[in-house]
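Encoded as structure tokens, the structure appears first; notes follow it.
The values are calculated or read from the model by the stated rules, or taken from the named source; none is laboratory data. Small disclaimer: the values here were computed from a predicted structure and weren't measured. All Cβ positions, even for glycine, are placed from backbone atoms using ideal geometry, and neighbour counts span all protein chains on display.
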Amino acid sequence: MSIEKAQLSLANNDFEEAKKILRSLLLRDKVNKDAMYLLSIAEAELGNVEEALNGLSRIIATDPQHAAAHYTKAKLLIRLNRHFDALPHHNRAVKHLASSPWAFINRGISNAALKNFTAAINDFDMAIKLDPTLSAAFGNKGNALFEIKLFEQSIEFLDKAIELDSFNVDAFLGKSACLTKLKRLEEALIYAERAIELKPDYAEAWSSRGNALNDLKRHEEALACYKRVIELKPDYAEAWYNRGVTLGDFKRHEEALASYDRAIELKPDYAAAWSNRGVALNDLKRHEEALASYKRAIELKPDYAEAWSNRGNALNDLWRHEEALASYDRAIVLKPEYAEAWSNRGNALNDLRRHEEALASYDRAIELQPDYAVANWNKSLDLLRLGDFERGWKLYEWRWRLDNLTSPQRHFTPPLWLGEVPLEGKTILIHAEQGLGDTIKFCRYIKLVQQLGSEVIFEVQAPLASLLSQLDGVARLIPRGTALPAFDYQCPLLSLPLAFKTNLVSIPASIPYLSAEADRVKQWKDHLGDHGYKIGICWQGTQKDRSVSITFFQALSQIPSVRLVSLLKGDGERDLDSLPDGMRIETLGSGFDSSGAFLDTAAVMKCCDLVITIDTSVAHLAGALGVRTWVALKFIPDWRWMLDRSDSPWYPTMRLFRQKQRDEWQSVFDEMSLTLRSELNQC
């Protein structure tokens, strides 16, 4: 038996035979360092890494200068992700193998894994100096530059790596990741797919492809990629995390939460997964649990600005706005150019009614990221709430850049009209957007468009078609979903205030601009009769914070001669089954509004002496009909109601009653009750 025979067996990948030969040699010569070294190589190739490491350690114990043993031990420790343990062996290898580029590359890999990126880049530079044709040196330097966010420079080195070796799969993968960060997403896909072609079972390449697809909003394809990653590598925590991100974009929050939980199970110190787990919990309205998740993320990574900002969002949703503000401020200290934290900070300040400070915070977010749609949108809402219509309407156009707008932007061949060109003799399509209340509020502009000499086609939500059929200025009313005729220009309904440069003085407030069907009014007048003081009421909307308990109307119901008539249709009607003793509310039967949205509601309103409602489409309908209306508004109202004033410049027959403290409705209804008692006593 000889060393040469063992070396030949190793060269032929016959590791068991090599191991047999080397063990035989070591029985005769226990301190044969060459045999010990080759046996460690054989053990490593057979997957017995710990045995190999033990053998290398014995060599180093007897010969601390054994460069090959240090070099090989460092490589094996890299395989085990024990980079800190590997470093002293890398240093010995580099010292004794100063002309070996791979000694520097291996040390660079460990330095990069330990986030010693400057040291890693120096190692890769030394390897490049020793061998300028070595693809791995350029590729690893490119990946290190990626980690310090020097994406353009990273691509230069990755391109060189690919030029030197067109089969360098890691370089293709690295370039895909860089291009994704630079939002060059179609190119990123190409490089991820090239990596997959070279190595079809390369889980990381499938993951990179999924990341690019997710950023392209091709969420189903991204999910399929992450599914493939997990099939190939079930314990790949990052794939579970990325899957959670995509599911969150789909609003599939329960599934996202499960995905983050799996990532954390695999990698308990995964701070990003803990933080995004909090996001999923917050989206599920489980705010306290979200806070606990953010707390864990911050414990793991105290300088994690994103987790501090996310924590602020949960606190804000819990109405703990001062604490939220402090959390955003901490995020900004950690990351001064964090535009999202500045925008979120503006939201907290807005909820604290510190509006000028909120605007300054939005401005800082926009300064840092001019194309940040959410910050521009948030600023527009605050400006409109404050009555600064000139700036507010312009910024309101940013709604089309939002990911979560309830009515996405429509795309037509005819150009958008925003008031810049004459409409004389032209046909224009005005298309409704967002909620029914918005359509009712802003359809007043149709007449103004028609007065410019145009023929107006008005496309509306199908349920409103009957109610708006007699709207002044409409040439053709089209229910959404019906084929559209030809037109020359188009404009979304809520862009008309911008087109007409509406300010507080020029609001078109000629009331009424809607009417109820005369036959229905007579029918309901006969049904309700002439006795008593009739108040049509609505206490529930589509949003929880714009709904109140029916019991708040109890004091109003106790006023002599007052009759409360329910205008509500839907789930809220169940509240009428459990009214407090002595409280009576009249209902209008199952046929109420069964033939078209709001047709009976409008007619009943015309039969009432007063309408009292929370902020919902019923309020806008009452205002548009010109009936006397009181609206109960929350502490920070929707921008459409502005701030502090008790009247609405949009609806002359309306009076606004506002919360003086957050989530405190009793005083609002007490004020209504006292006001009504006073008025009726005067009659």
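Side notes on the structure shown:
- When residues of region 334-363 are limited to those that are in contact (Cβ under 8 Å) with a residue 24 or more places away in the chain and among the basic types (Lys, Arg), the one nearest to residue 315 (Cα to Cα): 345
- With respect to the conditions (1) of a type in the set (S, T, N, Q); (2) outside the structural domain of residue 650 (by TED's automatic domain parsing); (3) out of contact with any helix residue (DSSP H, G or I) (no Cβ under 9 Å at 6 or more places or on another chain), residue 557 lacks only one, and its number is (2).
- Residue pairs whose Cβ atoms lie under 9 Å apart, separated by 6 or more positions or on different chains, with the first residue in region 1-14 and closer than 12 Å to residue 42 by Cβ and the second at pLDDT 80 or above and surrounded by 14 or more Cβ atoms within 10 Å (Cβ to Cβ), are 10/45; 13/45.
Yes/no matrix, rows are residues, columns are (1) β-branched (Val, Ile, Thr); (2) within 22 Å of residue 250 (Cα to Cα); (3) touching a residue at least 24 places away in the same chain (Cβ under 8 Å); (4) crowded, with 17+ Cβ neighbours inside 10 Å:
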| position | (1), (2), (3), (4) |
| --- | --- |
| 164 | no, no, yes, yes |
| 186 | no, yes, yes, no |
| 194 | no, no, no, yes |
| 210 | no, yes, yes, yes |
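- Residue in region 141-154 that is farther than 16 Å from residue 181 by Cβ and assigned to a helix (DSSP H, G or I) present: yes
- Segments classed as helices (runs of 4 or more DSSP H), wholly inside region 307-381, with at least 1 members that are within 30 Å of residue 269 (Cα to Cα): 321-334, 339-351
- Residue under evaluation residue 291, criteria (1) touching a residue at least 24 places away in the same chain (Cβ under 8 Å); (2) assigned by TED's automatic domain parsing to the domain that holds residue 201, criterion not met: (2)
- Test: residue 558 is at pLDDT below 95 and either of a type outside the set (Asp, Glu) or farther than 21 Å from residue 622 by Cβ (or both): yes
- Residue within region 102-112 that is surrounded by fewer than 22 Cβ atoms within 10 Å (Cβ to Cβ) and either of a type in the set (Val, Ile, Thr) or modelled with pLDDT under 90 (or both) present: no
- Take the conditions (1) more than 33 Å from the chain's Cα centre (by Cα); (2) part of a loop (DSSP other than H, G, I, E, B); (3) free of Cβ contacts under 8 Å to residues at least 60 places away in the same chain; residue 508 misses just one of them, which is (3).
- The single condition among (1) within 37 Å of the chain's Cα centre (by Cα); (2) small (Gly, Ala, Ser); (3) surrounded by 14 or more Cβ atoms within 10 Å (Cβ to Cβ) that residue 603 does not meet is (1).
- Total residues in region 59-73 satisfying the condition of being of a type outside the set (A, V, I, L, M, F, W, C), in a helix (DSSP H, G or I) and crowded, with 16+ Cβ neighbours inside 10 Å: the figure is 4.
- Residue 550, sole failed condition from (1) crowded, with 17+ Cβ neighbours inside 10 Å; (2) within 23 Å of residue 437 (Cα to Cα); (3) at pLDDT 95 or above: (3)
- Any chance residue 516 is out of contact with any strand residue (DSSP E or B) (no Cβ under 8 Å at 6 or more places or on another chain), loosely packed, with under 14 Cβ neighbours inside 10 Å and in a loop (DSSP other than H, G, I, E, B): no
- Any chance residue 580 is part of a loop (DSSP other than H, G, I, E, B) and surrounded by 14 or more Cβ atoms within 10 Å (Cβ to Cβ): no
- Residues that are modelled with pLDDT of 75 or more and not in a helix (DSSP H, G or I), drawn from region 15-29: none
- So residue 676, is it modelled with pLDDT under 95 and over 39 Å from the mean Cα position of the chain (by Cα): no
- Any hit, region 117-127, residues being assigned to a helix (DSSP H, G or I), of a type outside the set (Ser, Thr, Tyr), buried (at least 20 other Cβ atoms within 10 Å of the Cβ) and over 42 Å from the mean Cα position of the chain (by Cα): yes
- Criterion violated by residue 406 - all others in (1) surrounded by 21 or more Cβ atoms within 10 Å (Cβ to Cβ); (2) modelled with pLDDT under 95 satisfied: (1)
- Top-ranked residue in region 637-664 [being surrounded by 17 or more Cβ atoms within 10 Å (Cβ to Cβ) and part of a loop (DSSP other than H, G, I, E, B); ranked as farthest from the chain's Cα centre (by Cα)]: 650
- Across region 619-636, the number of residues qualifying as crowded, with 22+ Cβ neighbours inside 10 Å and over 21 Å from residue 671 (Cα atoms) comes to 4.
- From 387, 392, residue being closer than 15 Å to residue 497 by Cα and in a loop (DSSP other than H, G, I, E, B): 387
- Residues that are of a type outside the set (A, V, I, L, M, F, W, C), surrounded by fewer than 24 Cβ atoms within 10 Å (Cβ to Cβ), closer than 21 Å to residue 220 by Cβ and out of contact with any Lys or Arg (no Cβ under 9 Å at 6 or more places or on another chain) within region 245-294 comprise 248, 251, 252, 253, 254, listed in sequence order.
- Close Cβ contacts (under 9 Å, 6 or more residues apart or on different chains) running from residues in region 628-641 that are within 10 Å of residue 614 (Cβ to Cβ) to residues that are outside any helix (DSSP H, G or I) and acidic (Asp, Glu) comprise 631/615; 632/615; 633/615; 634/615; 634/663.
- Selection count where residues are assigned to a loop (DSSP other than H, G, I, E, B), surrounded by fewer than 17 Cβ atoms within 10 Å (Cβ to Cβ) and of a type outside the set (D, E, K, R), scope region 524-546: 5
- The residue that is farthest from residue 595 (Cα to Cα), counting only those in region 443-490 that are touching a residue at least 60 places away in the same chain (Cβ under 8 Å) and either in the same structural domain as residue 625 (by TED's automatic domain parsing) or not in a loop (DSSP other than H, G, I, E, B) (or both), is 489.
- The residues on offer are 115, 160, and the sole one that is among the basic types (Lys, Arg) and within 25 Å of residue 91 (Cβ to Cβ) is 115.
- With respect to being within 23 Å of residue 114 (Cβ to Cβ), in the same structural domain as residue 125 (by TED's automatic domain parsing) and among the small types (Gly, Ala, Ser), residue 188 falls outside the description.
- Among the residues of region 88-114, the ones that are hydrophobic (A, V, I, L, M, F, W, C) and within 17 Å of residue 146 (Cα to Cα) come to 5 in all.
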